[in-house]
1. Hey, among SER142, SER184, SER156, which residue is out of contact with any strand residue (DSSP E or B) (no Cβ under 7 Å at 6 or more places or on another chain) and surrounded by 17 or more Cβ atoms within 10 Å (Cβ to Cβ)?
2. Of all residues in the stretch 1-51, which are touching a helix residue (DSSP H, G or I) at 6+ places or on another chain (Cβ under 8 Å), open to solvent by 30 Å² or more (accessible area, probe 1.4 Å) and within 16 Å of the ligand (Cβ to nearest atom)?
3. Please give the number of the condition ASP60 fails out of (1) within 25 Å of VAL153 (Cβ to Cβ); (2) within 15 Å of the ligand (Cβ to nearest atom).
4. Scan the stretch 52-69 residue by residue and report those that are open to solvent by less than 60 Å² (accessible area, probe 1.4 Å) and touching a residue at least 60 places away in the same chain (Cβ under 8 Å).
5. Residue under question is LEU157, and the condition is that it be under 24 Å from GLU25 (Cβ atoms), assigned to a strand (DSSP E or B) and away from the ligand (no atom under 16 Å from the Cβ); does it hold?
6. For the stretch 97-133, name all the residues that are away from the ligand (no atom under 14 Å from the Cβ), of a type outside the set (Val, Ile, Thr), open to solvent by less than 20 Å² (accessible area, probe 1.4 Å) and part of a strand (DSSP E or B).
7. When you scan the stretch 70-83, do you find a residue that is within 16 Å of the ligand (Cβ to nearest atom), touching a Gly at 6+ places or on another chain (Cβ under 8 Å) and open to solvent by less than 30 Å² (accessible area, probe 1.4 Å), even just one?
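The values are calculated or read from the model by the stated rules, or taken from the named source; none is laboratory data. Keep in mind that this is a model prediction, so the values were computed, not measured. A quick note on method: Cβ atoms are made from the backbone with ideal geometry, for glycine too, and the neighbour counts reach across all protein chains shown. Ligands, DNA and RNA are stripped out before the accessible areas are found, and what is left, the full protein with its side chains, is counted by its heavy atoms. Shrake-Rupley method; radii C 1.70, N 1.55, O 1.52, S 1.80 Å.
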Amino acid sequence: MAIRLGDEAPDFTAETTEGRLNFHEWKGKSWAVLFSHPRDFTPVCTTELGTLAGLKREFDSRNTKVIGLSVDAVADHQRWNDDIRDVTGHALNFPLIADPDRRIADLYDMIHPNASDTFTVRSVFVIGADNKVKLTLTYPASTGRNFQELLRVIDSLQLTAKHSVATPADWRQGEDVIIVPAVSDEDARKRFPGFVAKKPYLRVTPQPSA
Ligand code: BEZ
């Protein structure tokens, strides 16, 4: 069954490039990005994995662990890692799950049979500290993901989890945010003094500090 926003992220135990792990134990109280890619030794996937490895510190600074998955075996992941490093300058620095029997791919609905009945699509699940799914994305095999966008979304998710605000189109860290409609004007005047009402339902305020 499809996993929806707000659902608990299903737990599993799997073999990875960093040994056998239990997902919820490995994740702990951090946020996590669980993503799938179609196959090892394929061009777009090679660029994606290296790009993500190069961004590891950005994810660390957001208290977010990264874990990948494909239907290939651990030995393939490890051989492919040399190519990833050669091409991108970044070797894997997060676990890559081996899922040859597609157990976890099925659990997370990562195989879309009308796209391919063999390989996982490019799924992304952002999972909060509470183990609930906060964001899902699905890309086809032919389109590499934009991981800067993923960082931007995590910034928004973490901000809006703490404050009664939402983020507008194309928002970036440090830019003005929107006061959610559930906050009355009276309450907004206390919590967000000086906010600007562009419309009665569109009230803008500087980004609250952490
Ligand atoms: C790729 O990563 O380049 C790729 C993988 C599967 C199908 C098409 C492209």
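1. SER156
2. Scanning the stretch 1-51 gives ARG39, PHE41, THR47, THR51.
3. (2)
4. LEU52, LEU55, PHE59, ARG62, THR64
5. no
6. The answer is ALA98, PHE125.
7. no
Here's the yes/no breakdown for (1) in contact (Cβ under 8 Å) with a residue 12 or more places away in the chain; (2) not hydrophobic (A, V, I, L, M, F, W, C):
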site: LEU159; (1), (2): yes, no
site: ASP176; (1), (2): yes, yes
site: LYS190; (1), (2): no, yes
site: VAL196; (1), (2): no, no
site: LYS199; (1), (2): no, yes
site: PRO208; (1), (2): yes, yes
